[in-house]
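The values are calculated or read from the model by the stated rules, or taken from the named source; none is laboratory data. Only a predicted model underlies this, so the values are computations on that prediction, with no experimental measurement involved. Cβ sites come from the backbone with ideal geometry, for glycine too, and all protein chains shown count toward neighbours. With ligands, DNA and RNA removed, areas are computed over all heavy atoms of the protein, side chains included. Shrake-Rupley method; radii C 1.70, N 1.55, O 1.52, S 1.80 Å.
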Amino acid sequence: MTPLEVLNPATEKPIATLERAGIEETDRAVAAARAAYPAWRAVKPADRARLLRRVAALVEEHADGLARLETANVGKPLGDSRWEMGMVADVFHFYAGAVEKHYGDTIPVAGGVDLTFREPLGVVGLIVPWNFPLMLASWKLGPALACGNTVVLKPAELTPLTALRFSELALEAGIPEGVVNVVVGPGSVAGERLIAHPDVAKIGFTGSTEVGRHVMEGAAKTIKRVTLELGGKSANVIFEDADLERAAAAAPGAVFGNAGQDCCARSRILVQKSVYDRFMKLLVDATSKFRVGDPEQEGTDMGPLISADHRRKVAAFVNGTPLFKGKVPDGDGFWFPCTLVAATNEDPVAREEVFGPVAAVIPFTDEEDAVRIANDTPYGLSGSIWTRNGARALRVARALETGVLSINSNSSVRVTTPFGGFKQSGFGRELGMHAMAGYSEVKNVFISTEA
Ligand code: NAD
């Protein structure tokens with residue numbers, strides 16, 4: 001295979017050249033993970049916890065270098081990368097603590113004692129996208145390793161650098177060879193091989209709904225377990241009784257953060273008609289202050305898109321005159337301006353995941369209309385509700401078909417709380433103790449006490 005040239009999307013210049021893993025290399029990684037599995041699952045829980053804690057400490061120690069590498073490879077602002085590396089470290093701290101707290105039950109039965117055990121699955125394949133490369137990998141690595149599995153991680157080809165650096169840190173922390181393997185190869189070759197491989201027990205996948213569907217089909221052949229974290233088209237619902245200033249100040253970050261390349265992007269802004277004009281003035285003002293530019297510069301809010309190809313796809317969603325279009329730097333870099341477009345929920349920009357800094361602004365009449373529009377999508381990942389009426393906030397939160405919601409906030413992810421989708425945004429939960437269920441099987445054992 002031709003070598004893989006890794007680019008900096010802010011400069012369009014190559015920053016690394018790597019060999020691509022094919023079927024043979026993927027098979028070797030699976031074989032290494034399989035060979036390492038019996039010893040890793042037998043490591044004493046306290047020792048496994050200690051090793052994961054050392055991983056967390058090394059990520060903290062190297063956070064600045066990892067953040068700079070992520071920024072150079074993804075084009076995201078350095079402040080964002082630093083936050084992500086902080087979360088990676090916290091994820092390993094959390095799952096270090098989880099190792100010894102993930103236990104089974106004793107169940108009342110006749111004639112004996114019944115016990116459940118939480119067993120690891122074996123070798124798990126982890127396939128992740130390019131938008132939050134190491135952070136999303138850590139959400140899978142943490143629980144997978146804590147449960148006693150060994151892993152083969154396949155990062156996106158556009159953004160493999162922090163995964164490779166992480167694998168070095170894992171070894172330095174004392175994680176035995178073969179427990180964490182990284183294959184840098186195309187989805188259509190290395191990814192496919194992981195899905196088909198008979199020795200891979202599970203695929204933990206984050207990516208598009210289209211590829212997720214394919215993963216699920218492929219996994220059926222060997223009855224692999226799958227968790228799927230897929231696309232989103234989330235709503236940011238602004239009621240007339242909201243603190244409009246606060247809601248408007250927060251809205252740009254909710255959709256233009258990570259240049260809109262965020263599965264949780266609130267890319268449909270639903271605004272109650274009675275406050276539409278007032279809110280839009282505030283929103284345009286807040287969006288015009290969103291700083292787009294050099295991701296390595298402190299204070300930048302948004303960098304470029306990931307690639308020229310992706311920029312073409314994003315641009316195709318903007319037709320006619322937008323409500324607002326921001327500025328971008330001159331010169332090289334895959335820049336795209338913050339863009340607000342007036343839409344109905346039937347327009348492609350409101351139905352499809354744009355995955356760029358483009359928000360569809362949609363008016364609604366009342367609470368019922370807001371819930372109807374927000375739920376009228378095949379996706380169900382995230383969302384926000386802005387209102388000062390507590391009963392309404394909870395009523396609407398219960399009515400929305402989505403996995404993660406915030407009220408008067410943009411927040412989507414926390415290390416300790418479950419994250420995942422409804423509908424075609426996928427299934428299975430990451431983060432918190434919920435993720436441990438996805439990387440273990442329940443085994444039931446009955447012991448007779450009959451004389
Ligand atoms: P993608 O689906 O194109 O690729 C994701 C990963 O799958 C990559 O590693 C890729 O190489 C691999 N892949 C591609 N084709 C494959 C195949 N045939 N077999 C096996 N693996 C294959 O997604 P992307 O463009 O890298 O990322 C953007 C998408 O990810 C968006 O849809 C976004 O919403 C989604 N995403 C979801 C979450 C979440 O938690 N729900 C988080 C981040 C991103």
Answer with yes or no whether LEU136 is surrounded by fewer than 21 Cβ atoms within 10 Å (Cβ to Cβ), in a helix (DSSP H, G or I) and within 16 Å of the ligand (Cβ to nearest atom). no
Can you tell me which of (1) out of contact with any strand residue (DSSP E or B) (no Cβ under 7 Å at 6 or more places or on another chain); (2) in a loop (DSSP other than H, G, I, E, B) is the one ALA46 doesn't meet? (2)
Give the range 300-324 a look and list any residue that's open to solvent by 40 Å² or more (accessible area, probe 1.4 Å) and of a type in the set (Gly, Ala, Ser), or say none. ALA315, ALA316, GLY320
Can you name the residue in the range 403-434 that is within 20 Å of PHE239 (Cα to Cα) and touching a helix residue (DSSP H, G or I) at 6+ places or on another chain (Cβ under 8 Å) and, of all such residues, is surrounded by the most Cβ atoms within 10 Å (Cβ to Cβ)? LEU405
As an exercise: evaluate VAL124 against (1) open to solvent by 10 Å² or more (accessible area, probe 1.4 Å); (2) under 23 Å from ALA32 (Cα atoms); (3) among the β-branched types (Val, Ile, Thr) and give the number of the one condition it does not meet. (1)
Selection within the range 418-451 - among the basic types (Lys, Arg) and farther than 23 Å from ILE127 by Cβ: LYS443
A careful count of residues in the range 139-162 that are over 23 Å from PRO9 (Cα atoms) and more than 10 Å from the ligand (Cβ to nearest atom) gives 13
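A quick yes/no check of all residues on (1) of a type outside the set (Asp, Glu); (2) out of contact with any Lys or Arg (no Cβ under 7 Å at 6 or more places or on another chain); (3) open to solvent by 60 Å² or more (accessible area, probe 1.4 Å):
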| site | (1), (2), (3) |
| --- | --- |
| PRO14 | yes, yes, yes |
| THR17 | yes, yes, yes |
| ALA21 | yes, yes, no |
| ARG34 | yes, yes, yes |
| PRO45 | yes, yes, yes |
| ARG48 | yes, yes, no |
| GLU60 | no, yes, yes |
| GLY65 | yes, yes, no |
| VAL74 | yes, yes, no |
Output the residues belonging to the range 171-223 that are within 9 Å of the ligand (Cβ to nearest atom) and in a loop (DSSP other than H, G, I, E, B). GLY185, PRO186, GLY207, SER208
Being within 15 Å of ARG311 (Cα to Cα) and assigned to a helix (DSSP H, G or I) is the filter here, so list the residues in the range 326-383 that pass it. VAL349
Is it true that some residue in the range 386-398 is at pLDDT 95 or above, open to solvent by less than 10 Å² (accessible area, probe 1.4 Å) and not hydrophobic (A, V, I, L, M, F, W, C)? yes
